[in-house]
1. Grab the helices (runs of 4 or more DSSP H) fully contained in the stretch 270-336, keeping just those with 1 or more residues being farther than 19 Å from ALA162 by Cα, out of contact with any His (no Cβ under 6 Å at 6 or more places or on another chain) and not acidic (Asp, Glu).
2. PHE201 versus (1) in a helix (DSSP H, G or I); (2) within 24 Å of the chain's Cα centre (by Cα): which is the lone unmet condition?
3. Are any residues in the stretch 91-109 within 16 Å of ligand 1 (Cβ to nearest atom) and either farther than 28 Å from LEU154 by Cβ or surrounded by fewer than 22 Cβ atoms within 10 Å (Cβ to Cβ) (or both), and if so, which ones?
4. Looking at MET311 and the list (1) touching a residue at least 60 places away in the same chain (Cβ under 8 Å); (2) away from ligand 1 (no atom under 16 Å from the Cβ), which single condition is not satisfied?
5. Taking ALA309 and the conditions (1) within 16 Å of ligand 2 (Cβ to nearest atom); (2) under 26 Å from PRO198 (Cβ atoms); (3) of a type outside the set (Asp, Glu), which numbered condition does it fall short on, given that it satisfies the others?
6. Just to be sure before I move on: is SER141 among the polar types (S, T, N, Q), touching a strand residue (DSSP E or B) at 6+ places or on another chain (Cβ under 7 Å) and not assigned by TED's automatic domain parsing to the domain that holds ASN279 in the structure I sent?
7. Sort through VAL42, VAL46, VAL78 and tell me the only one that's within 24 Å of VAL316 (Cβ to Cβ) and not aromatic (Phe, Trp, Tyr).
8. Test GLY190 against the stated conditions and say whether it is in a loop (DSSP other than H, G, I, E, B) and either among the hydroxyl-bearing types (Ser, Thr, Tyr) or at pLDDT below 95 (or both).
Amino acid sequence: MHFLAIETSCDETAVAIFDDQLRVLANVIASQVDLHRRFGGVVPEVAARAHLQRLLPTMDEALKVAGLTLLDIGCVAVMNSPGLVGALLVGVSAAKMLALSLEIPLVSANHIEAHIYAARMAAGRDIFPCVGLVVSGGHTSLFHCHTALRFELLGATIDDAAGEAFDKVASLLGLGFPGGPAVEREAKNGNPKAHSFPRSFLKENRLDFSFSGLKTAVMYALYGPGISQGPPPDAGPQRADLAASFQKAVIDVLAGKASQALRKTGLKRLAVGGGVAANRALREALEVMVIAEVAELFVPPPDLATDNAAMAALAVEKWRAGDLASFDLDARPNYA
Ligand code: KG4
Ligand code: ZN
């Protein structure tokens with residue numbers, strides 16, 4: 001049984017083909033990074049139009065890579081929430097059209113839950129129940145994942161997402177877009193102890209996050225105390241220390257809150273997903289943390305951690321459970 005999965009929630013047009021044994025036959029991503037770079041961030045209308053142009057060629061490419069035709073597909077999966085609603089609508093409409101014309105079932109997948117499921121895919125074995133940490137451009141959330149299909153939200157960011165903070169700090173430091181990989185590269189040459197940036201909620205007994213104060217602290221360190229007007233000054237030789245100190249503050253909070261979540265739930269497995277999970281320094285910090293917690297860590301490789309359609313293989317679990325989508329399936333911008 002072959003599934004064709006579509007992901008258009010943000011700025012990657014992605015199509016994957018996998019089977020009911022979770023074998024990935026194709027995982028094709030048409031990135032829009034070059035389109036959005038000059039705006040310094042993703043422009044929703046530009047993203048939606050680009051999905052329209054790229055979706056069918058991306059689908060053709062995925063079928064070619066898998067060595068299949070549409071007639072070999074037995075089920076269509078689509079990420080319908082959360083994300084940019086205009087962008088999501090392109091994928092949802094295409095998925096409905098495919099399912100209707102091929103007379104095959106349609107299954108929806110939640111983008112955030114799929115990010116966690118990517119860790120299950122990479123593990124090659126069941127990892128549930130586990131604590132799930134999603135660290136992406138739009139979300140920073142902790143879940144008690146009872147099964148692949150039952151996620152209980154434990155806490156989330158009250159302002160910026162971790163990836164968003166990376167992108168904003170990259171822009172302040174003149175490192176360009178997308179910010180995460182650029183900050184990580186710059187941080188390699190810096191001293192993480194050069195600046196003592198805030199670690200919001202770290203010592204508090206709650207599983208929420210806040211990164212906007214950290215971003216402001218980096219801004220004041222760059223502009224000078226209390227100044228936030230005008231274009232960012234050139235960070236010059238300070239750039240690497242600012243990047244390293246910022247990155248360390250984010251990582252301390254993510255590892256600290258993940259360890260609190262393991263203790264609170266009594267679970268011994270941590271699955272991490274989302275673009276920020278591609279950060280090597282974060283992975284290393286989490287590896288050290290799980291040893292202290294006598295727990296296991298599951299992090300997908302970078303191509304499965306950042307946005308892709310193979311993680312929609314969560315749909316295989318839904319299909320097995322008989323949880324199919326109807327043709328009034330809607331695109332929803334928020335998680336809940
Ligand atoms: O999951 P994702 O690909 O898309 C969303 O669902 O948002 O995550 C994108 C986010 C961006 O904010 C990007 O800067 C960040 O992930 N990111 C990273 C790294 N690679 C991507 N952040 C830190 N270090 C990285 N190596
Ligand atoms: Zn994502």
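1. It comes to 280-292, 314-320.
2. Going through the list (1) in a helix (DSSP H, G or I); (2) within 24 Å of the chain's Cα centre (by Cα), PHE201 breaks only (1).
3. Of all residues in the stretch 91-109, those within 16 Å of ligand 1 (Cβ to nearest atom) come to 91, 109.
If the condition is that a residue be within 16 Å of ligand 1 (Cβ to nearest atom) and either farther than 28 Å from LEU154 by Cβ or surrounded by fewer than 22 Cβ atoms within 10 Å (Cβ to Cβ) (or both), then GLY91 is the only one that fits.
4. Only one criterion in (1) touching a residue at least 60 places away in the same chain (Cβ under 8 Å); (2) away from ligand 1 (no atom under 16 Å from the Cβ) is unmet by MET311, namely (2).
5. Here ALA309 meets the rest and fails (2).
6. Details: among the polar types (S, T, N, Q): yes; touching a strand residue (DSSP E or B) at 6+ places or on another chain (Cβ under 7 Å): yes; not assigned by TED's automatic domain parsing to the domain that holds ASN279: no.
Judged against the criteria, SER141 is not a match.
7. Details: VAL42 fails: within 24 Å of VAL316 (Cβ to Cβ); VAL46 fails: within 24 Å of VAL316 (Cβ to Cβ).
Every option except VAL78 fails the conditions.
8. Values: in a loop (DSSP other than H, G, I, E, B): yes; either among the hydroxyl-bearing types (Ser, Thr, Tyr) or at pLDDT below 95 (or both): no.
No, not satisfied.
The values are calculated or read from the model by the stated rules, or taken from the named source; none is laboratory data. Keep in mind that this is a model prediction, so the values were computed, not measured. Please note: Cβ atoms are built from the backbone with ideal geometry, for glycine as well, and neighbour counts cover all protein chains shown.
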